[in-house]
Amino acid sequence: MNKFIDKIRSSTAWKSIFRSGSIKSNLGRSLLIFNNLFLHVLPVKVKEDTLRFTATFYLGITSFFLFIILTVTGIVLMLYYHPSIPQAYWDMKDLQFVVSNGVFLRNMHRWAAHGMVASVFLHMLRVFYAGAFRPPKQFNWVIGVILFVLTLLLSYTGYLLPWDQLAYWAVSVGANMAGAAPVFGEQVKFLLLGGNTIAENTLIRFYVLHCVILPFFVTMLLGIHFWRVRKDGGIKPLFEKETNIKENSEVGVDD
Amino acid sequence: MLIEKVKDMSNVFAITSILFLVVLAISPAKDYFSEWRAFQHEYNELIEEQPRRIKPVEIGIKQFWLPDLGVTDRCTSCHLGVSEINLVDIPAPFKTHPVMYHTTDEFGCTPCHQGQGIATTTKESVGHEEFWNDPMLPLEFAEAGCGTCHEGGIAAEAPVLTRGRELIQDLNCVSCHNLPGYEDKFVVSLDGISNKVNRNWIVKWLSSPHEVEVTTNMPDFKLTNDEVDLLADFLMSLDGNSVEMVPLPADLLEEWPDEDLVELGSTRFREARCISCHLINGKGGHLAPELGKIASKVTREWLFNFIKDPKTLHPGIPMPIYGFSKKDVKAVTAYMVTEFRDWDAEEDSVQIKHTPEPDFYKKGIALFNTYNCQGCHELNVPGVGKNMGPDLSAIGSIPQTQLEFGDSGIETTRPSYIYNKVKNPRIFLENSRMPIFDLKDDDLIAITTALLAMRDSDIPEKHKAEYRPPPEYKPQGEFGRLVEKYSCFSCHVINGEGYLLASDLSNEGSRVRYEWMKSYFRLPYTLRPILTERMPNLFMSEEEIIFISDYFGLLFVNDEIDKIEITIDAESILDGEHLVKEIYGCNSCHLIDGEGGYVGTPFDETSKRSTPQWVYTWIMDPQKYRPDLICPDQGLSEIEGKHITAYIMNLSKK
Amino acid sequence: MSERDPKLIKRREFIWNLGFGSIGISIGGASILSLQYLKPNVLFEAPTKFKAGRSEEYQPGSITVNVERKVYIVRKKEGSFYALSSVCTHLGCITNYQSAVKRIACPCHGSLFDLEGNVLSGPAPRSLKRILIEQNDRGVLVVDTSVDVSEDYVLRV
């Protein structure tokens, strides 16, 4: 088994993609991380203390995985969804009644969305209580806050798409809240709804926001967010163990 | 070391993986065990037991998609035998649909039955789904579906709906509710009411109309005694605006008029056959108000004037103006005031003197408006206005969430709301002003069905049934005046207009002999002894009789009938007799030589009355001109028909 | 240490395999579920079978275009019927009937057909598809665009 893996790793195809040589040495391991777009956001070395469950409650990674689930299920759900009135509602009903596994995917999308809002919020609390917003992590805290807002906006824009009573009135309330904001409130509301009432324009706007614009920004900011975690000195655990500060054991990627 | 710990997490890993697998298995399991799939398998097993071979269903969701009707119906995923003709005795949901007037390919299911057609579970499709605006119509109200598109002309296909529409019309619901398609109908005007009735009667009437007159359409407003007093005072103060009345002649002023006059009145009363329409002490017709206690209700002066000319006092009333002489009018009035008294009321005729409240007029008019009396009764007094109830033009599609059920505890559905509201209008709100109509259960269901059909439906016009109301025939000139005077349309139909209680007169000229017609107008006799509603003696003048008979003879003819050739000879008469008596047994209903039944018209008189052409037409297809006739269609051959005609025409010549 | 116990190691390996096994089945199952999801169970398409009115509504020697259903209904001079698909056999454009020249022409690449559906010129490789036309027991013509028939099929009424 290991021989087979070695053979793949020494093949030209593998090397042309990953460009790292042996991973037997520390240098090789570092190069593997540095030279890979996907892996380079991860630190080469991780402090064992930060991997404890109580250090982070794994809230960040949970949020990230929920985001992945949302993206996958969301894209699949788009295949049966027309953002128009009243077809949007009939499409919901069709997912429920006639599309194989439609209910499962829709429920997955819905619960993952609720879960993501909760986990992002808890993640923020954890970071706050760990004091991880202190220099040099101020910038990443700000990005985190923006990501939290984007998560809420994703949740809000997705709410309208089923085009049922709940959707309509929740968005009415939300839009009026935006309208109550000082100075530009009314203009923001007008732009958001694409008119004065919640209608066809609003639905398509929310659809584009929900499926394209907001996910795009979330993806970009997530990349920066992860990268900055490493650049700013790694994770700051909630409860630091006194004894482990002196001799952190280091863990490589492979044994 | 951490790496050791990770290696030690095998348990956690295994458990979460299995959990993941189980969660993933939920969706296909739910699909596999779905309700519709089970039904389709059951159906396929069931049809194998059938004597006739029926094509098994391919497993999968079935649907009708009709974009221009807005229909996506998946009902046939479970109702698999709807279009099969041989599954009548199979249990639901596989049963053959009873008589279907539309094909499912063209209309789907929900345009008629309502319900959530896109759903694929019993609960959500035909069950009571709280958040679906049009849940399936319960079967007893199913004809409401027909009424959504059909405005009329479906009496045979949808009897309950048609009955409901008639009731809504009769009860004059349109006087308080906006109900497109219904007409405000004739109800007695209240102008000058104090000249007509006395206060005691009004009090009794307002307190409980049904006790005074069982058959009245006037509903019970459940007025309190104070309200009744106020309204009675208000109504008794109305003496203006009434039609000029002729003062009573001297011989009617006495309490008990002359006996000879009463005797003559009694004869005229019988000749005019008043009891064909009026009920008197439990006997007679139900078309017009009861007369048993009329003398204690109306004033003598009013009664005299009414008998003289009912249409001046009550324009539009279905009662004819009898051609009574002055003396006859006096006599009938004398007879009625002598006989038709409320003897019980007379006993305690010590009238309790009633003093009205000082502001009774203001309060009375307010009360009059509150209960929208103006909706039915005309009253031209300043301050009276319409005060309508809720608009019901779209009651059949009103969102169920907008219905206020109060604490009535009934089922919270639209049909249940309408049914219970009509049954007991005060059920949801104690001080509701809607009166109680006291209807039977069948009538309640019929009315509910008709109201459920009042829908704001989005079915496109091209799919709606075109309904042409029967042509309106309005005779003009002198004939029109006579038809109006004698209220012919109250009982007869001409060219589709009128009320079919007696015969259709559209072909009268081809039907009866001129001489007979004249004699009949002079003195009508009963053609069919079994009937209760009989042609009254209208006391028409001779000129009028000749005019009407000429008019009928010249204008109401039918060439199709007139062109038939009938030869009457001995041979055909003999064969006809054989056919009538031996083969078809016509004498079980018809009198022949004074023997036989009393259901049909006596054959003995036929030849004096009818033309042979008409007799032939009639026996060949009795229902042709009288669809509701009970005389059986014997399916006679032409020769048989002609021979029977010859026999009948020959009968009375003996 | 107890970890060195060979029995324990075997047990642990089994549990790992159990985990990987279920993950494997899950991934396989998920792909099947996704495929199921992608295949629509109901179609929002007009049925291929449709009623085309009574035969008396068609003049002998006439061609009637049904744009919605992409069908020509032809009634020959002697009274028999046949139906042609109006989809060009070249690349699927919808052909038009040119009444002036009594030809069926495709606007995309200029294929030309006669009223029998035979190719006269242009890139079309085959003549127009002839489809099933029948008369039901009420005398109404029924066309089914999903059923092809041979080129000499006609419906006699």
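The values are calculated or read from the model by the stated rules, or taken from the named source; none is laboratory data. Small disclaimer: the values here were computed from a predicted structure and weren't measured. Backbone-built Cβ (ideal geometry, glycine too); neighbour counts: all protein chains shown. These area figures cover heavy atoms from the full protein model, side chains too; ligands, DNA and RNA do not enter into them. Shrake-Rupley method; radii C 1.70, N 1.55, O 1.52, S 1.80 Å.
Before moving on, here are some points about what is shown:
- Whenever a residue of segment C:6-25 is more than 15 Å from B:Ser17 (Cβ to Cβ), its partners that are in a helix (DSSP H, G or I) and open to solvent by 60 Å² or more (accessible area, probe 1.4 Å), lying with C-beta atoms within less than 7 angstrom and at least six residues away or across chains, give the pairs C:Leu8/C:Ser2.
- For segment B:40-49, the tally of residues that are open to solvent by less than 50 Å² (accessible area, probe 1.4 Å), under 13 Å from B:Ser77 (Cβ atoms) and away from chain C (no Cβ under 14 Å) stands at 1.
Residue-wise test of (1) touching a Leu at 6+ places or on another chain (Cβ under 9 Å); (2) open to solvent by 50 Å² or more (accessible area, probe 1.4 Å).
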{"site": "B:Glu357", "(1), (2)": "yes, yes"}
{"site": "B:Asn387", "(1), (2)": "no, yes"}
{"site": "B:Pro390", "(1), (2)": "no, yes"}
{"site": "B:Arg414", "(1), (2)": "yes, no"}
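- Check on B:Asn305, out of contact with any helix residue (DSSP H, G or I) (no Cβ under 9 Å at 6 or more places or on another chain), modelled with pLDDT of 85 or more, open to solvent by less than 70 Å² (accessible area, probe 1.4 Å) and more than 22 Å from B:Gly285 (Cβ to Cβ): no
- Residues located in segment B:199-214, provided they are open to solvent by 30 Å² or more (accessible area, probe 1.4 Å) and more than 17 Å from B:Asn225 (Cα to Cα): B:Val214
A quick yes/no check of all residues on (1) open to solvent by 80 Å² or more (accessible area, probe 1.4 Å); (2) under 22 Å from B:Val337 (Cα atoms):
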{"residue": "B:Asp226", "(1), (2)": "yes, no"}
{"residue": "B:Met236", "(1), (2)": "no, yes"}
{"residue": "B:Glu255", "(1), (2)": "yes, yes"}
{"residue": "B:Asp258", "(1), (2)": "yes, yes"}
{"residue": "B:Leu261", "(1), (2)": "no, yes"}
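- Looking across A:Arg230, A:Arg134, one residue alone is in a helix (DSSP H, G or I) and among the basic types (Lys, Arg). It is A:Arg230.
- Lone unmet requirement of (1) within 14 Å of chain B (Cβ to nearest Cβ); (2) assigned to a helix (DSSP H, G or I); (3) of a type in the set (A, V, I, L, M, F, W, C) for A:Val145: (1)
- Test: residue in segment B:187-194 that is farther than 30 Å from B:Gly396 by Cβ and not in a loop (DSSP other than H, G, I, E, B): yes
- Within segment B:13-32, residues that are more than 8 Å from chain A (Cβ to nearest Cβ) and within 8 Å of C:Gly19 (Cα to Cα) have Cβ atoms under 7 Å from residues that are among the small types (Gly, Ala, Ser) and surrounded by 14 or more Cβ atoms within 10 Å (Cβ to Cβ) in these pairs: B:Phe13/C:Gly19; B:Ala14/C:Gly19; B:Ser17/C:Gly19; B:Ser17/C:Ser22; B:Ile18/C:Ser22, counting only partners at least 6 apart in sequence or on another chain.
- When restricted to residues that are surrounded by 14 or more Cβ atoms within 10 Å (Cβ to Cβ) and either of a type in the set (S, T, N, Q) or touching a Pro at 6+ places or on another chain (Cβ under 8 Å) (or both), segment B:569-588 contains 2.
- Test set (1) surrounded by 19 or more Cβ atoms within 10 Å (Cβ to Cβ); (2) outside any helix (DSSP H, G or I); (3) of a type in the set (D, E, K, R) - B:Asp456 fails condition number: (1)
- Residue pairs meeting the criteria (Cβ under 6 Å; at least 6 apart or on separate chains; first at the interface with chain B (Cβ under 7 Å from one of its Cβ atoms), in segment A:90-108; second hydroxyl-bearing (Ser, Thr, Tyr)): A:Phe97/B:Thr120; A:Ser100/C:Tyr37; A:Asn101/B:Ser27; A:Asn101/C:Tyr37; A:Phe104/B:Ser27
- Within the span defined as segment B:260-273, one or more residues are in a loop (DSSP other than H, G, I, E, B), under 32 Å from the mean Cα position of the chain (by Cα) and either modelled with pLDDT of 85 or more or farther than 20 Å from B:Lys196 by Cβ (or both).
Conditions tested, residue by residue: (1) farther than 30 Å from B:Leu523 by Cβ; (2) open to solvent by 80 Å² or more (accessible area, probe 1.4 Å); (3) of a type in the set (S, T, N, Q); (4) out of contact with any helix residue (DSSP H, G or I) (no Cβ under 9 Å at 6 or more places or on another chain).
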residue	(1), (2), (3), (4)
B:Thr567	yes, yes, yes, no
B:His590	no, no, no, no
B:Gly596	no, no, no, no
B:Asp604	no, no, no, no
B:Tyr616	no, no, no, no
B:Tyr625	no, no, no, no
B:Glu638	yes, yes, no, no
B:Ala646	no, no, no, no
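- Extreme residue, nearest to B:Pro469 (Cα to Cα), among residues of segment B:168-198 that are open to solvent by 40 Å² or more (accessible area, probe 1.4 Å) and polar (S, T, N, Q): B:Gln169
- Qualifying residue in segment B:394-405 (condition: among the charged types (D, E, K, R) and modelled with pLDDT under 90): yes
- Failed item in (1) modelled with pLDDT of 90 or more; (2) open to solvent by 70 Å² or more (accessible area, probe 1.4 Å); (3) over 42 Å from the mean Cα position of the chain (by Cα), with B:Arg52 passing the rest: (1)
- Per-region count, segment B:122-141, residues in contact with a Pro (Cβ under 9 Å, 6 or more places away or on another chain) and over 22 Å from A:Leu166 (Cα atoms): 7
One line per residue, one yes/no per condition, for (1) of a type in the set (D, E, K, R); (2) within 14 Å of chain A (Cβ to nearest Cβ); (3) open to solvent by less than 30 Å² (accessible area, probe 1.4 Å); (4) touching a helix residue (DSSP H, G or I) at 6+ places or on another chain (Cβ under 9 Å):
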site	(1), (2), (3), (4)
B:Gly81	no, no, yes, yes
B:Ala92	no, no, no, no
B:Tyr101	no, no, no, yes
B:Glu106	yes, no, no, yes
B:His113	no, no, no, yes
B:Thr121	no, yes, no, yes
B:Glu124	yes, yes, no, yes
B:Glu130	yes, yes, no, yes
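- Scan of segment C:25-76 for residues that are away from chain A (no Cβ under 14 Å), over 28 Å from C:Thr145 (Cα atoms) and surrounded by 13 or more Cβ atoms within 10 Å (Cβ to Cβ), ordered by number: C:Ile25
- Conditions (1) in contact (Cβ under 8 Å) with a residue 40 or more places away in the chain; (2) not in a helix (DSSP H, G or I): number failed by A:Leu222: (2)
- Flag if B:Val57 is more than 16 Å from B:Thr120 (Cα to Cα), free of Cβ contacts under 8 Å to residues at least 60 places away in the same chain and surrounded by fewer than 18 Cβ atoms within 10 Å (Cβ to Cβ): no
- Verdict on C:Phe81 being modelled with pLDDT under 90 and either at the interface with another protein chain (Cβ under 9 Å from one of its Cβ atoms) or open to solvent by less than 40 Å² (accessible area, probe 1.4 Å) (or both): no
- Test for A:Lys45: is it within 14 Å of chain B (Cβ to nearest Cβ), out of contact with any Pro (no Cβ under 6 Å at 6 or more places or on another chain) and in contact (Cβ under 8 Å) with a residue 40 or more places away in the chain: yes
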